[in-house]
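Asks: First the structure, which I've put down as structure tokens, then a few questions once you've had a look.
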Amino acid sequence: MDPQRYHLTLTAGGRLLQQGWWASEATAHYKFSGWVGQYSGLHDARITLVDEQSEETLAVWPAGP
């Protein structure tokens, strides 16, 4: 299991504020939900979860184009 497969990032105003990596997709989704709850009030926040192995974006907050 790749310990850095699932990559979570938090950006605001175009700047990277926080990031983390997890081997478990379930854990990464749990962290994503937690970050949304914790940082949703941050102006211009964007949270993205990516599977680094497949290069697929699994979740984005806020949702949109």
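Asks: Could you do me a favour and compute the accessible area per residue for the chain, 1.4 Å probe, result in Å²?
Replies: Solvent-accessible surface per residue comes out at 65 Å².
Asks: Just how large is the dipole of the chain about the Cα centre, in debye to the nearest 20, putting +1 at every Lys and Arg Cβ and -1 at every Asp and Glu Cβ? All intermediate terms of the calculation are to be shown ahead of the outcome.
Replies: Numbers: 4 positive and 7 negative charges, 61 e Å.
About 300 debye.
Asks: Against the longest alpha carbon principal axis of the chain, how many degrees, from 0 to 90 and to the nearest 10, is the axis of helix 25-39 turned?
Replies: 10 degrees
Asks: Quick one: the Cα spread of the chain along its three principal axes, in angstroms, biggest first?
Replies: 35, 21, 19
Asks: Now for a different question. Given the -39500 (n - 2.57) contribution per DSSP H run of 4+ residues, what per-residue ellipticity at 222 nm results for the chain, rounded to the nearest 500 deg cm²/dmol?
Replies: Working: 1 runs with 15 residues, N = 65.
Value at 222 nm, helices only: -7500 deg cm²/dmol.
The values are calculated or read from the model by the stated rules, or taken from the named source; none is laboratory data. It should be emphasised that the depicted structure is a prediction, and the values quoted were computed from it without experimental measurement. Heads up, the Cβs are rebuilt from the backbone with ideal geometry, glycines too, and the neighbour counts pull from every protein chain shown. Heavy atoms of the whole protein, side chains included, go into the accessibility calculation; ligands, DNA and RNA do not. Shrake-Rupley method; radii C 1.70, N 1.55, O 1.52, S 1.80 Å.
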